[in-house]
Amino acid sequence: MTLTAASTSRLHSRARMAHSAPKPLHSGYGFAATPPNATDPRTAFPTRSFDVAALRTDGSLFIGQDRAPALPLFDSAFSAFARGTLIHTVDGDVAVEDLQPGDMITTASGKPTKLIWIGSTSFVPNSTTPRMQLIRIMADSFGQGRPSSFITVGPAARVLHTPHHMRGDAGSANMLTPVRAFVDGVNVIQVAPPTPIRLFHICLSRHAAIKVAGLTMESFHPGATAMRSVSYALREQFLGMFPQINQTSDFGPLAYQRAPEEELETELM
């Protein structure tokens, strides 16, 4: 990928911020303090390392790392877009790894929205953590220029496109649907990279559909029921990864309806 002057400036700026060592676990701003112990249920699961760059409520920058269980709750916040995926901003297309908290992201509604949080993790083939399903979307799979070139996404990626078998339920409105629902082995295929790959997700000041290499895809939102089946300790650790979030309702409402997971799983069986 050819770097523009804007991209180069972003890389230099990001490098300056990275000179300060990532902050360890701590309560208040950044990650919640979560020291492991023998009775902590989190120790029963393999863990991943998660990295965060985010704005605090006072507008200052937070950069931190944490290890957390490799559970869907955590993975969903860090595994949507592979390194190199182009996100459309008010300044043009920017690779997801070059985005910075505070950037204004173009949304499907036409209203630019502030990027407040970037999460990332590494998918490592043959690691002891649960395997992540990676998917490659070939150019023009959802129509001309959608996407404009092939992109690789993770299990958390959703596209604003309703599966054929659900269009009667959705009416004229498009649903946010997991990309895995469109795997056909030709245009949308599962892939298994032989080397580690960096995955990202981004959270905006409000939930939105964003422009990703010509596709309309979802910014991060955990959903209303994501934390109902996890322990208090896991919920607090997860929310502690978002400096501007104190409770699930702080993520705000979903901008678009999501395709029901139960129907998708039945169709994919």
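Here are the numbers for the structure shown:
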quantity	calculated
Pairs, first closer than 18 Å to PHE251 by Cβ in region 48-62, second of a type in the set (Gly, Ala, Ser) and in a strand (DSSP E or B), C-beta under 7 Å, six or more apart	PHE50/ALA68; PHE50/GLY119; VAL52/GLY64; VAL52/GLY119; PHE62/ALA54
From the options THR162, THR177, THR195, residue that is touching a residue at least 60 places away in the same chain (Cβ under 8 Å) and surrounded by fewer than 17 Cβ atoms within 10 Å (Cβ to Cβ)	THR195
Within region 213-223, tally of residues that are in contact with a Ser or Thr (Cβ under 6 Å, 6 or more places away or on another chain) and either without any contact (Cβ under 8 Å) to a residue 24 or more places away in the chain or open to solvent by less than 20 Å² (accessible area, probe 1.4 Å) (or both)	1
Number of the exception - PRO147 against (1) touching a Phe, Trp or Tyr at 6+ places or on another chain (Cβ under 9 Å); (2) open to solvent by less than 30 Å² (accessible area, probe 1.4 Å); (3) within 27 Å of LYS111 (Cα to Cα)	(1)
Failed condition for ILE189, given (1) among the hydrophobic types (A, V, I, L, M, F, W, C); (2) open to solvent by 10 Å² or more (accessible area, probe 1.4 Å); (3) in a loop (DSSP other than H, G, I, E, B)	(3)
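So that you can scan it fast, the table gives a plain yes or no per residue for (1) open to solvent by 30 Å² or more (accessible area, probe 1.4 Å); (2) more than 15 Å from HIS201 (Cα to Cα):
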residue	(1), (2)
ASP75	no, no
ALA80	no, no
LEU86	yes, no
ASP98	no, no
THR106	yes, yes
LYS111	yes, yes
THR121	no, no
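For (1) touching a strand residue (DSSP E or B) at 6+ places or on another chain (Cβ under 8 Å); (2) assigned to a helix (DSSP H, G or I); (3) closer than 20 Å to THR121 by Cβ, each residue gets a yes or a no:
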{"site": "ARG198", "(1), (2), (3)": "yes, no, yes"}
{"site": "ILE202", "(1), (2), (3)": "yes, no, yes"}
{"site": "PHE220", "(1), (2), (3)": "yes, no, yes"}
{"site": "MET227", "(1), (2), (3)": "no, no, yes"}
{"site": "ARG235", "(1), (2), (3)": "no, yes, yes"}
{"site": "PRO243", "(1), (2), (3)": "yes, no, yes"}
{"site": "SER249", "(1), (2), (3)": "no, yes, no"}
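The values are calculated or read from the model by the stated rules, or taken from the named source; none is laboratory data. All values reported here derive from a predicted model rather than from experimental measurement. Note that we place each Cβ from the backbone using ideal geometry, even for glycine, and neighbour counts take in every protein chain shown. Each accessible area value is taken on the protein alone, full model and side chains, heavy atoms only, with ligands, DNA and RNA left out. Shrake-Rupley method; radii C 1.70, N 1.55, O 1.52, S 1.80 Å.
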